[in-house]
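Q: Submitted below is the structure of interest, expressed as structure tokens.
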Amino acid sequence: MHTADAQPATILVVDDTVENLQLLASLLGGQGYDVRPVTNGRLALQAVERDPPDLVLLDINMPAMDGYDVCARLKQTDAGRDVPVIFLTAMTDTAAKLKAFKAGGVDYITKPFQIDEVLARVATHIALRRAQRNLAEEHARLLVVEDLREKLFHMVVHDMRSPLMVLAMNLEFLRQEIDGIASEQAKTDLRTSIRAAEGLGGMANELLDISRLEEGQMPLKRARVDLVGIARDVVTRLGGLDRSVVVDIDATGEVMCECDADIVRRVIENLLSNAITHSPTGGRVCVALTETAQGHRVAVHDEGPGVPDEAKQRIFEKFGTAESRQERTRQSVGLGLAFCKLAVQAHNGTIGVDAGTPRGSVFWFELP
Amino acid sequence: MTASPPPPIVFIVDDDANMRDTVSRMVRQLGIDVEVFATADAFLAHQRPDRPQCLVLDVMLQGSTGFDVVAALAEAKIEIPTIFMTGSGTIPMSVRAMKSGAVEFLTKPFDSAALRGAIDSALELARAQRERRAELESLEALLGTLTPRELEVLTLVVAGRLNKQIAHELGVVEQTVKVHRARVMEKLGAASVTDLVRLTERVTALKS
């Protein structure tokens, strides 16, 4: 046998000359192939339709329907599209050979046959075909697995939401109950637990929002809002997180934009908290808002280590920052920027990162 | 319209015991009475009190969905403003919820403020529906005091017919019509034909 497959490879041999058919049948049959001889193109097409072989050996010079024609028709059928065809020809000129390839053949064998050459070419193309089919099957199987994985991911995130809410709310109830009676240590412990629960909730929201955005399932509540006002709120909330970093806003007047205020706020929150996290002690972070020809631009400048060129694309992909975060402990699984990108795209905007001058980086987005 | 309504009550249907405990506690913290149910059937079988009420319903229930419950309520002609809770606020789901007549759609996790907002608008709607029903009931009771013949006269008067025409249509003398008409005005407390028209139009509007 020539392949590892349990079933012998099947070869359809098409030739109007019975002697040729007999020769090839005994030759290939002797090598363990399952040979199916037919004497014309019509029968060949029927045979492939009924049960596609692993390979077709096709004579070119036949009455009624020549080999080129048979091959071209075969390639238009679902059953025959992927079956390799080797032409059998007495013609040796280049034009005829080219025509054979053009008709969809993978190879040709010239008559009179050199036995070893026939066997070598047949074996090669059958092995190739089988490898191709295995790859296609493997690919299809992987797609199914990937689909399952995606569904499982959704289910897990979905099912996490009730317990997360129960956890967060009951910690809050507990906080109200023990207020005034518990020790300072107990209160601190509880506050830490509440923050962790909020962090978990935030992650679950991020994951779910990303899948909703990916599927175009995120309902956008568009309204005319002032981006400067939103940015100021975010700066007020996050500016005090790290007292060693100075955060300010660079804007004149209002920047009115038609968008989902809540989602845009979260994009700015993400960019700003990243900027603060990556700032050196005494660093300065600036949120600049401007009207541009493209629309409304929000840019967050930091003085951090900057983003290497090769990472500038990947950084906005899902889990794109996961591999690059080592020592910094952050409540993120590398989804923040993926969320930002999808959220901005949902608004038909663009997002990117440039090198800062003289140092750091500028994460920016523009909304129409 | 009526005396101040009895205190409201919120019903919660969720198959997750932890969620039932948590959401019911959140509602109680808002100072509102609450009753919980683990299944849609238990809620549907429950004898509901005569109080302004709303339903907080999990979309994903064991063996059925919140949409099924809403459909069953509509089928039984039970009018109760409904708030959905869900783990995934996708567009098709929120559209479906709103089409089914939901007042609000809460995506878990939600906080007390979001729950309060939803319950406030649901109960406001419940009170409005309640007032409508009460008004309709009292007007129908009033119309119920009319005899079949008086009702016929009322219908024709409201349709703009003159006494003479009504007498002809009913095959009675005009004087009889006048007597019926006076009694209709008196029973319904109407001072004019305009009052009669207003009253019947109101009944039609309340029924729609």
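All of the numbers you see were taken from the coordinates with simple rules; none came from a lab. Remember, it's a predicted structure, so these values are computed and weren't measured experimentally. Cβ sites come from the backbone with ideal geometry, for glycine too, and all protein chains shown count toward neighbours.
Q: Among A:158, A:125, which is the only one that is on the phi < 0 side of the Ramachandran plot, away from chain B (no Cβ under 11 Å) and touching a residue at least 24 places away in the same chain (Cβ under 8 Å)?
A: A:125
Q: In the range A:202-259, what count of residues is obtained for those that are within 13 Å of chain B (Cβ to nearest Cβ) and outside any helix (DSSP H, G or I)?
A: Result for the range A:202-259: 7.
Q: Which members of the range A:273-283 meet the condition of being surrounded by fewer than 20 Cβ atoms within 10 Å (Cβ to Cβ) and either in a strand (DSSP E or B) or within 30 Å of the chain's Cα centre (by Cα) (or both)?
A: A:277
Q: Output the residues belonging to the range A:161-197 that are of a type in the set (Val, Ile, Thr) and either in contact with a strand residue (DSSP E or B) (Cβ under 6 Å, 6 or more places away or on another chain) or more than 14 Å from every other protein chain (Cβ to nearest Cβ) (or both).
A: Once the filter is applied, which keeps residues that are of a type in the set (Val, Ile, Thr) and either in contact with a strand residue (DSSP E or B) (Cβ under 6 Å, 6 or more places away or on another chain) or more than 14 Å from every other protein chain (Cβ to nearest Cβ) (or both), the range A:161-197 yields A:178, A:181, A:188, A:192.
Q: Next question, about the same structure. How about the range B:31-55: which of its residues are in a loop (DSSP other than H, G, I, E, B) and surrounded by fewer than 13 Cβ atoms within 10 Å (Cβ to Cβ)?
A: B:31, B:46, B:47, B:49, B:50 - these are the residues of the range B:31-55 that are in a loop (DSSP other than H, G, I, E, B) and surrounded by fewer than 13 Cβ atoms within 10 Å (Cβ to Cβ).
Q: Kindly indicate whether residue A:286 is within 28 Å of the chain's Cα centre (by Cα) and in a strand (DSSP E or B).
A: no
Q: Follow-up. Please state which of the following conditions residue A:108 fails to meet, knowing it meets all the rest: (1) within 12 Å of chain B (Cβ to nearest Cβ); (2) surrounded by 17 or more Cβ atoms within 10 Å (Cβ to Cβ); (3) of a type outside the set (Asp, Glu).
A: Among (1) within 12 Å of chain B (Cβ to nearest Cβ); (2) surrounded by 17 or more Cβ atoms within 10 Å (Cβ to Cβ); (3) of a type outside the set (Asp, Glu), residue A:108 violates only (1).
Q: Further question: Any idea how many residues of the range A:334-368 are in contact with a Phe, Trp or Tyr (Cβ under 8 Å, 6 or more places away or on another chain) and outside any strand (DSSP E or B)?
A: So the answer is 8.
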